Every structure is written in C-alpha cells, then in structure tokens.
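These notes are about the structure you will find just below.
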Amino acid sequence: MFPHLNLPKRFSFTASIDWFCRHFFGNAGLRSVITDIGDGDATNMHCWVPKIHKAFKPNLILIHGFGANAMWQYGEHIRHFTARFNVYVPDLVFFGDSYTCSQERNESFQAACVVKLMHAHRVGKASIVGISYGGFVGYNMAVQCPQMVEKLVLCCTGICLEEKDLDNGLFNVSTVEEASSILLPQTPQKLKELMRYSFVKPATAIPSFFLTDFINIMCTNYVEEKREMIEAILMNRKLSNLPKITHPTLIIWGEQDQIFPLELGYRLKRHIGKHGQLVIIKKAGHAVNLEQPKEFIKHLKSFLYEFWSSPPSPTWKDHFHFHIDRVY
C-alpha cells in the first residue's frame, strides 16, 4: 500500500519510529551527514545539517544527552527553530553514527569534537542548547571557544556536581556502577527503572517486547565506552575547578528531577551569577523536554528569540552565498 516507505522487513516499533523521525527531520529542511573531523584519531561525527545554509540566519546547535540518538530527543522541537535558525543536531561520539578510535572519554573531548565538526561545516558563531549530558558538552564548548558561543541553554545538566556528592547521598544511587546500570539499560526492568527516574508520570503499560526492541536497537552499541564516559563525569570533579563563563545562559530544570536533583540547578545559577537565569518547570522530572514540551519550548523561544526577534534583512552577499549553497 505504501511501497515508498521501505520499512524494515522484520517489523520493529523502534526502527519504524526512528524512520519516521528521519523523515520528519528531512521535511524540516535538514539532511544527514557524516564528517571525518580530521583529528588523527579516526573520529567520524554524524550531524543533521541544513540542506541550504542561509548566511543571514543565526546558527543553533542542539546537543542531546544520554539515551536514544539526537533525533528522538529533539524530534518534538525541531520545527520551532528551522524557520529562524540554521539548525545543527550532532550525534555525540559513541551515539548514533558518531565514533572515534581515541581513548578520551570526558566531556571536554566531546566538546572539542563538536567544535571541529562545526568548523568543518563553516559555522562560526552559534547558540547552543544542551540537554543533560549535552549541557556538559555545551558548557565546555563555551569554555574552550568563548568567541563561538552566543547564547547557552543548559537543561537538567549536573555540571556543578562534585565527586563527593555520590558519597554524601545527593543522588538516588551510591555508586558509578549502579548509575551506569540505569543510564545504560540492558533489560526491560532497567529501562522501566530509568523511566521512573526520568519522568514524574512514566508510562506504565508498555509491553516488555517493545522495551526489548528499544534496547536492542538503541542501547546495545558502545556500552563499555559509555560506561567510561559516566565514570569520567565524576572523576576528581570539584566545583572549585569549574571555569566561569560569561555568556547569556538559560538554565532549565524539572522541579522533580531524580537524576540531577534541583539543588544542582541552584548551584549552577550561583556559579554563573548575573549571566544566568534559572527556570524551574513544575510537574516535570529529568526528561523535562519530553514531559513538558510546550513549557520547554516556550522558555527556549523567549530566550533564543530575544536577540533574533527580527532576523536581519539579507544583503547582496547573503543572496550570493544562498545561491552558492544551492549550486553545491
């Protein structure tokens, strides 16, 4: 009936949703590209980039957290931004189709990879939205390349956590191994546990075969590398060692976040000081972007559109670049 869909021969809910996400991103004016960022460690980065980069538009980078690939975390929101921004949605290393032979596992390395990727696509200045682990990466981009970042949105991201917080009972887990088993679920029971930690009202009637299907497709690649990434987040981490940034920063937090408790949001606001503003969204947990998408988008628009409420009129140079992009 729909031969053009070319869905998988063995039906999979997860693969089908993933296909529709790709179709949706394509319809939003983005295309899928894998780039060798040329760092000497055989690092390939996958990214959704504009089919036509328009020079008179500002740039926006959306960085995902742990979980499924970037499409699943931003699929609900992408349509709100492609009209006003050149939108770039990368898969971090060891997520989606991004990979490296490097032994580096910290967020500083991830940030350097995204910066190189943006340079490869000739992106100069950009605003950045980072969800959870993506916020660690976005913050590091602001530290490494302050001139590149215009505005920064940090959503439920525990940048200000300290290694001692684990022993002091700030989190619902007491060891890195326990955190990894939840954040990297390999059984339906662990995936349900992750959902309970991530949502105020998690779905409860999801069949186990669907959860198994999701795990098989989304959660079985690069598990050991991701465990090492979680370990790197905590290793020797002290708030006193966290560099300050001066970029306009919006901090968004779910009031009932059980993965990175709200206390870390208050810490981050104090650390950034006058350059940051904190928004707390009620009836939301860690996955605030999925649980309260309208509220999430409302605050993103208010913050990101503030400077760009009236995009500058294109100049003859912008038209020139536009036509060059169409040719190439």
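Here, each number is a calculation from the coordinates, and none is a lab measurement. Not measured: the values here are computed from a predicted model. Don't worry about glycine lacking a Cβ; one is built from the backbone with ideal geometry, like all the others, and counts go over all protein chains shown.
Annotations
- Comparing Pro207, Pro185, Pro248 in a Gaussian network model of the chain where C-alpha atoms under 10 Å apart are linked, the largest mean-square fluctuation is found at Pro207.
- Identified option (computed Kirkwood radius over Cα pairs in Å; candidates (1) 23.3; (2) 20.5; (3) 21.1): (2)
- The alpha-carbon of Lys57 sits under 16 angstrom from the alpha-carbons of these lysines, leaving out residues fewer than 8 places away in its chain: Lys125, Lys151, Lys301, Lys317.
- In the chain, taking the dipole from charged Cβ atoms about the Cα centre, the farthest positive-side position among Gly29, Val173, Asn216 is held by Gly29.
- What the Cβ-Cβ distance of Glu193 and Arg84 gives, at R0 = 25 Å and to the nearest 0.05, is a FRET efficiency of 0.05.
- Long-range amide H partners of Ile128 with built H, under 5 Å: Ile61, Glu150, Lys151, Leu152, Val153
- Point-charge dipole on Cβ atoms (K/R +1, D/E -1) for the chain, about Cα centre, debye to 20: 1280
- Relative contact order (percent, whole number), the range 168-300, Cα cutoff 8 Å, 6+ residue spacing: 26
- Available extension along the chain between Asp41 and Lys125 is 27.7 nm, counting 0.36 nm per residue and deducting the alpha carbon span.
- Extension gain (nm, one decimal) between Phe13 and Ser108, 0.36 nm per residue minus Cα-Cα: 30.7 nm
- Listed residue (Ala287, Val93, Ile297) projecting farthest to the positive dipole end of the chain, Cβ model: Ile297
- Calculated mean residue ellipticity at 222 nm for the chain: -12000 deg cm²/dmol, from DSSP H runs with n ≥ 4 weighted as -39500 (n - 2.57), summed, divided by the residue count and rounded to 500.
- Taking a straight line from the alpha carbon of Lys201, these aspartates and glutamates sit under 15 Å away, with near neighbours fewer than eight places off in the same chain left out: Glu193, Glu255, Asp257, Glu291.
- In percent, rounded to a whole number, the relative contact order of the chain is 18, using alpha-carbon pairs under 8 Å and six or more apart.
- Tensor-based shape of the range 20-74 (alpha-carbon gyration tensor, a/c under 1.5 rounded, otherwise prolate or oblate): oblate
- Net lengthening on full extension, Tyr222/Leu170 (0.36 nm per residue, minus Cα-Cα): 15.9 nm
- Cleavage-rule hits (chymotrypsin sites (Phe, Trp or Tyr not before Pro)) in the range 126-209: DSSP loop, at most 10 neighbouring Cβ within 10 angstrom: none
- Dipole axis of the chain (+1 Lys, Arg; -1 Asp, Glu on Cβ), positive-most option in Phe109, Trp19, Gly158: Trp19
- Note on the chain: with a GNM built from Cα contacts shorter than 10 Å, the maximum mean-square fluctuation among Cys219, Cys21, Cys155 falls on Cys21.
- Cross-link partners for Lys164 among the lysines, with Cα-Cα distance under 19 Å and sequence neighbours closer than 8 places in the same chain left out: Lys238.
- Three-way shape call for the range 167-272 based on the alpha-carbon gyration tensor, with the a/c threshold at 1.5: prolate
- Summing charges over all other residues whose Cβ lies under 14 Å from the Cβ of Cys47, with Lys and Arg as +1 and Asp and Glu as -1, gives +2.
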